[in-house]
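S.K.: What follows is a single structure, and I will ask about it in a moment.
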Amino acid sequence: MRKIISLILLGIVCVGIIFALYSIPFGKDKIKVGKHYIYNGIKETGAVNIVTSVVLNYRGFDTLGEVTILFIAALGLGVVLYGKKKKRKEGLEPASLVLYTGCRFLFPLILLFGAYIFIHGHLTPGGGFQGGAIIASGFLLSYLGCPRKWISKERFNITESLGGLVFVIMGLIGLTIGGYFLSNFLPKGIANTLFSAGIIPILYCAVGFKVGAELAGIIYNMIE
Amino acid sequence: MLSPVLLIAIPLGFSFLAPLLKKGAKYIPPIAMLFNLILSILLVPQVMRKPIIVLLGGGWPPPFCINLVASPLGILLALLISLVGFLVSIYAIAYIKEGATEKYHTLYLLLLTGATGIVLTGDIFNLFVFFEILCISSYALVAYNGDKHGLESAVKYLIQGSIGSSFILIGIALLYGLFGTLNMADIANNISYHSLQSPTLYVALAFFITGFGVEGAIFPLNAWLPDAHSSAPSTISAILSGIAIKTGVYAIARVTYTLFSAKGFMIFIATIGIITLLIGEMSALGQKKDIKRMLAYSSIGQIGLIIFAFGIATYYGIFGALFQLVNHALAKSLLFLASGYMIYRVGSKELSAFEGLGKKMPLSSLVFTIGAFSLIGLPPFAGFMSKISIISAGIKANNTALFVFVIIVLFATIIEGCYFFRVVQNLYFKKSRDPAHNCVRDGCPTTQKSEMPISALIPIIILALLIVAIGIYPRLVTGIIESAAIGLMDKVGYIHQILGIF
Amino acid sequence: MNFLSNNIYYIGCFGLIFIGLYIVLTKKNLIKVIIGINFIDTGVNLFLITIGYIRGGTAPIFSRPGLNPERMVDPIPQALVLTTIVIGVSVLALALSLAIRLYHHYGTLNLRKIRELKW
């Protein structure tokens, strides 16, 4: 009975979707705003990667919201899992020598790679979120491979807060200097070099640290 | 230098700061909300003359970057959010004692920031992002108590809410595919001037109303609300009922009026509103056990009333809807806050446990009665003015269907009166039972007076005074509500203000 | 055949969305429902990307001179998808933590049994 009703509901939605997609043919050329960004992006923001210039400059406010959402998820996890019994830690078996050494060897390399991704976010594909996710995967590896060397959650919390504060403060400085919240008040530099695009690399570093700390904190909470 | 963007940026900055402060975190939400309150009061005169358009990012002309619109409607709601948020956060300092308290206060502040962002933004995707901020923090806060009921209702809320969000996103994607822009004024401009009559628009509108309807708790989508409101901590129930569902209603109004200007669609909105009203009030009448659940059902009913008033689609209808929205936010948060400590004292949510409480907690009972009377719409209180304006708007609209609906509204008012008088009767006109009979926690019911702590008492008294003040002197708020209603009706003006600033 | 090759992406993403909705509406296990929500998220993300795609498009990065801007895909949906992926991850993390706690309380993840409150 439940299945039939849900199939009928889905059928109604499906008919609607088919009608809706009729006037959006696949592969339609980009219009208006997207076109503007492609043609004026480098001139206006100095970032070669147009997606980055959209994420951090044209729609920087969305990204602030996005960072906030991840922050909420980390906090919410803390609220929901509060007061759960913490006895798992002793029960963990030490990892084998190969795994242990491998983790210790790979961990700094993963962190370095993550940092590379978010520092070069305005030049190559990638950016703060991707880099942060890579860093968090390094922490996941160390949790699984070397359970005795867990990093305390306090430091994650502090990094999280500082990353968020840097973002907001950069926005407020932009408001006072440039007149617009999150405006690009630093010189744009020469396109396609590391030190270009004004505040975008700084913001992406803040986002990278914050996302890395948040995802690692979420993993920590889940494992604990 | 008084930019409306500070209304969002400052609370966000404070909430990032809060985890660093540990024990001091509980003072962060009142400070940030007090700042917002002062700032939005200062912005009111400026906004009444001319809406402020704030560009964000690089400061390029509107379709090319996100912009905030501090219209009278936005500032009115921001003022309401910061006022209720400020009072509830003061109440929460004493009320929230157990659990991860500093996380509670941070999440609470973020919830309010999300609500403020929703009412101020002028970009449809930005609206979605703030909507998610609001929703995700409320999922976590509903589960704050960590008991069975809280977790269960949070899961319910999360499943329905996230499907709703996905629907909103599909709507946004359809609009983007059609017009290649995300700015609300630009989309509205495209829809109205190019008079594009494509079925895509109707489907997108349906997706938007379904998606926002989950948060706004309109009729078929409100299964989460009674559970979530009744099992959350009372402060969170107050904010969810007072602020969160209002933002859903605001989003529906914004989408239907500004984005699509769906005039023919409005009678459908009014019908949904009436059905929601009837279902909510009937369920509240049937709810004899749990007082918070009763208040939650009453919230559904009131939301139905507000949506009905929006569906009248005249200036008077919108005026009544906004007025009712303000009054309901004040009265319902007052009721949840007052019932919070009452439940704590008697140790039970059951209505019968409240018998004779009028002697033990005289002030709380008094303000509870004021809130209840205001919601019913009795004369000296604020609810009377708004309800009468909705009813007169419905009659003025000169439409047979709307006239029938107005009669249903009057009938629903009687139902509302029944269940609120039942509580008031329990409070004042029944002798309290044997104390040991309903004592669950140790040391709760005693025969002597046991009022709330002073920091919890002040906010609810302020709320009660505001309700009485608005009831006696409605000009206190009607000025800004009038210009907000005019602003919501004036779609062409909205488009011109935003797209024509360069 | 032409219809299929023109709309294969649309069919794919809405297929994911409908599978997800069906799972959420019919399945009893909370974990399965969460997986269904994730399906919907993925489908919507794919839909957003599909809307901004053009045939034979390249990434919108001017990494070397001489790239044709005409061929570049729309950057906005990509930026939006970045946001929605993060939102999806957050909801998923929260949902899973709720599931963990619910399991502690009830000892089951069957949604038909977890119903102390009225639906």
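Bear in mind these aren't lab numbers, they're just calculated from the coordinates by the rules spelled out. As the structure is a computational prediction, the values presented were derived from the model and not from experiment. Positions of Cβ are backbone-derived with ideal geometry, glycine not excepted, and every protein chain shown enters the neighbour counts.
S.K.: Just need a number here: residues in region B:393-421 that are closer than 21 Å to B:Asp290 by Cβ and of a type in the set (Phe, Trp, Tyr).
M.R.: 3
S.K.: Is there a residue being over 30 Å from B:Phe179 (Cα atoms) and crowded, with 18+ Cβ neighbours inside 10 Å anywhere in region B:70-77?
M.R.: yes
S.K.: Quick one: in region A:21-50, of everything that is surrounded by 14 or more Cβ atoms within 10 Å (Cβ to Cβ), charged (D, E, K, R) and part of a helix (DSSP H, G or I), which residue is nearest to the other protein chains (Cβ to nearest Cβ)?
M.R.: Of everything passing the filter in region A:21-50, A:Glu44 is nearest to the other protein chains (Cβ to nearest Cβ).
S.K.: Could you tell me how many of the residues in region B:344-353 are part of a helix (DSSP H, G or I) and within 16 Å of B:Ser298 (Cβ to Cβ)?
M.R.: Residues in region B:344-353 being part of a helix (DSSP H, G or I) and within 16 Å of B:Ser298 (Cβ to Cβ): 1 in total.
S.K.: Still on this model: Quick test of your reading of the structure: C:Phe39 fulfils all but one of (1) within 19 Å of B:Leu158 (Cβ to Cβ); (2) within 9 Å of chain A (Cβ to nearest Cβ); (3) of a type in the set (Phe, Trp, Tyr). Name the failing condition by number.
M.R.: (2)
S.K.: How do the pairs read when you match residues in region B:131-158 that are on the phi < 0 side of the Ramachandran plot with residues anywhere that are crowded, with 24+ Cβ neighbours inside 10 Å and not in a helix (DSSP H, G or I), using Cβ under 7 Å and keeping only pairs 6 or more apart or on different chains?
M.R.: Cβ pairs passing all conditions: B:Leu141/B:Ala232; B:Val142/B:Ala232; B:Tyr144/B:Ala232; B:Gly150/B:Ala143; B:Gly150/B:Tyr144; B:Gly150/B:Ala232; B:Leu151/B:Ala143; B:Ala154/B:Ala143.
S.K.: All but one of (1) surrounded by fewer than 24 Cβ atoms within 10 Å (Cβ to Cβ); (2) of a type outside the set (A, V, I, L, M, F, W, C); (3) away from chain B (no Cβ under 14 Å) hold for A:Gly208; state the number of the condition that does not hold.
M.R.: (1)
S.K.: Which of the residues belonging to region C:9-61 are touching a residue at least 40 places away in the same chain (Cβ under 8 Å), crowded, with 19+ Cβ neighbours inside 10 Å and under 15 Å from A:Ile17 (Cα atoms)?
M.R.: Matches in region C:9-61: C:Tyr10, C:Val44, C:Thr50.
S.K.: How about region B:221-243: which of its residues are of a type in the set (Ser, Thr, Tyr) and under 12 Å from B:Tyr95 (Cβ atoms)?
M.R.: Answer for region B:221-243, where residues must be of a type in the set (Ser, Thr, Tyr) and under 12 Å from B:Tyr95 (Cβ atoms): B:Ser234, B:Thr235, B:Ser237.
S.K.: Something else: List the pairs whose first member sits in region B:483-502 and is surrounded by fewer than 16 Cβ atoms within 10 Å (Cβ to Cβ), whose second member is part of a loop (DSSP other than H, G, I, E, B), and whose Cβ atoms are under 8 Å apart, counting only residues at least 6 apart or on separate chains?
M.R.: Correct list of pairs: B:Ile501/B:Pro61; B:Phe502/B:Pro61.
S.K.: Next question, about the same structure. Can you tell me which residue within region B:169-228, out of those that are outside any helix (DSSP H, G or I) and in contact with a strand residue (DSSP E or B) (Cβ under 9 Å, 6 or more places away or on another chain), is nearest to B:Pro63 (Cα to Cα)?
M.R.: Among residues in region B:169-228 that are outside any helix (DSSP H, G or I) and in contact with a strand residue (DSSP E or B) (Cβ under 9 Å, 6 or more places away or on another chain), the one nearest to B:Pro63 (Cα to Cα) is B:Asn183.
S.K.: Let me ask something additional. What do you reckon, is B:Lys292 touching a His at 6+ places or on another chain (Cβ under 7 Å) and either surrounded by fewer than 24 Cβ atoms within 10 Å (Cβ to Cβ) or not in a helix (DSSP H, G or I) (or both)?
M.R.: Yes.
Let's see how each residue does on (1) in a helix (DSSP H, G or I); (2) more than 13 Å from B:Ile239 (Cα to Cα); (3) at the interface with another protein chain (Cβ under 9 Å from one of its Cβ atoms):
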{"residue": "B:Ser82", "(1), (2), (3)": "yes, no, no"}
{"residue": "B:Phe86", "(1), (2), (3)": "yes, no, no"}
{"residue": "B:Lys97", "(1), (2), (3)": "no, yes, no"}
{"residue": "B:Gly114", "(1), (2), (3)": "yes, no, yes"}
{"residue": "B:Leu127", "(1), (2), (3)": "yes, yes, no"}
{"residue": "B:Phe131", "(1), (2), (3)": "yes, yes, no"}
{"residue": "B:Ser137", "(1), (2), (3)": "yes, no, yes"}
{"residue": "B:Leu141", "(1), (2), (3)": "yes, no, yes"}
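S.K.: For region A:2-20, state whether one or more residues are without any contact (Cβ under 8 Å) to a residue 40 or more places away in the chain, within 26 Å of A:Val168 (Cβ to Cβ), part of a helix (DSSP H, G or I) and more than 7 Å from every other protein chain (Cβ to nearest Cβ).
M.R.: no
S.K.: Which pairs have Cβ atoms under 8 Å, sit 6 or more apart or on different chains, and link a residue in region B:244-273 that is on the phi > 0 side of the Ramachandran plot to one that is assigned to a helix (DSSP H, G or I) and of a type in the set (Ser, Thr, Tyr)?
M.R.: Pairs found: B:Ser261/B:Ser192.
S.K.: Also: Scan region A:116-168 for residues that are over 17 Å from A:Ala73 (Cβ atoms), surrounded by 24 or more Cβ atoms within 10 Å (Cβ to Cβ) and under 15 Å from the mean Cα position of the chain (by Cα) and report the count.
M.R.: Residues that pass the stated criteria total 5.
S.K.: Here are the criteria: (1) hydrophobic (A, V, I, L, M, F, W, C); (2) under 30 Å from A:Ile50 (Cα atoms); (3) facing chain A (nearest Cβ under 10 Å). Tell me which single one B:Ile52 does not satisfy.
M.R.: (3)
S.K.: Let me ask something else about it. Can you name the number of the only condition in (1) of a type in the set (D, E, K, R); (2) assigned to a helix (DSSP H, G or I); (3) within 10 Å of chain A (Cβ to nearest Cβ) that B:Glu152 fails?
M.R.: (3)
S.K.: Here's another thing I want to ask about it. Just to verify a result, which residue in region C:78-119, among those that are more than 7 Å from every other protein chain (Cβ to nearest Cβ) and among the polar types (S, T, N, Q), is farthest from the chain's Cα centre (by Cα)?
M.R.: This residue is C:Thr108.
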